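What follows is a single structure, written as structure tokens, with notes after it.
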Amino acid sequence: MKNTIRMFVAAAALAIAVPAYAQGGGGGGGGGMQMSPAERMARQKEQLFKDITLTAAQSAKVDTIMMQAAAKQQEAMAAARSGGGDMAAMRESMQKMNAERNEALKAALTDDQKKKFDENVAAIPQRRGGL
């Protein structure tokens, strides 16, 4: 009897989990699932500052810089969508904004941290025009 109940529970869990995963609800950034701006920023921060220990002051400064950059990028994307959306121009604009953001972030780091930061930036997949 216990085995039957266990099998039923496992089958029910699979019946719920598989369609949710197929529709992009199965974790990660794939499957059409959209990250919130806060999730996107946390992921970027995690990738950019992997193996870098920030002081509390550095972390606060980094968060401010990243929030300002994200707001600027959202404005640019909204303007591109409403204006017909030249994707090549938008991609170029985003890359420029990312480079400016990265330079501002590096200004908050020590020389040793900057080296690791540059390594982290180079390691980020460039699939979508980079960070």
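What to note about this one:
- Residue match in segment 74-82 (condition: surrounded by 14 or more Cβ atoms within 10 Å (Cβ to Cβ) and either modelled with pLDDT of 90 or more or touching an Asp or Glu at 6+ places or on another chain (Cβ under 8 Å) (or both)): yes
- Just one of the listed residues (Ala108, Ala69) is in contact (Cβ under 8 Å) with a residue 12 or more places away in the chain and not in a helix (DSSP H, G or I), and it is Ala108.
- Among (1) within 30 Å of Leu105 (Cα to Cα); (2) of a type in the set (Lys, Arg); (3) at pLDDT below 60, the one test that Arg6 misses: (1)
The values are calculated or read from the model by the stated rules, or taken from the named source; none is laboratory data. It should be emphasised that the depicted structure is a prediction, and the values quoted were computed from it without experimental measurement. Note that each Cβ is placed from the backbone with ideal geometry, even for glycine, and that neighbours are counted across all protein chains shown.
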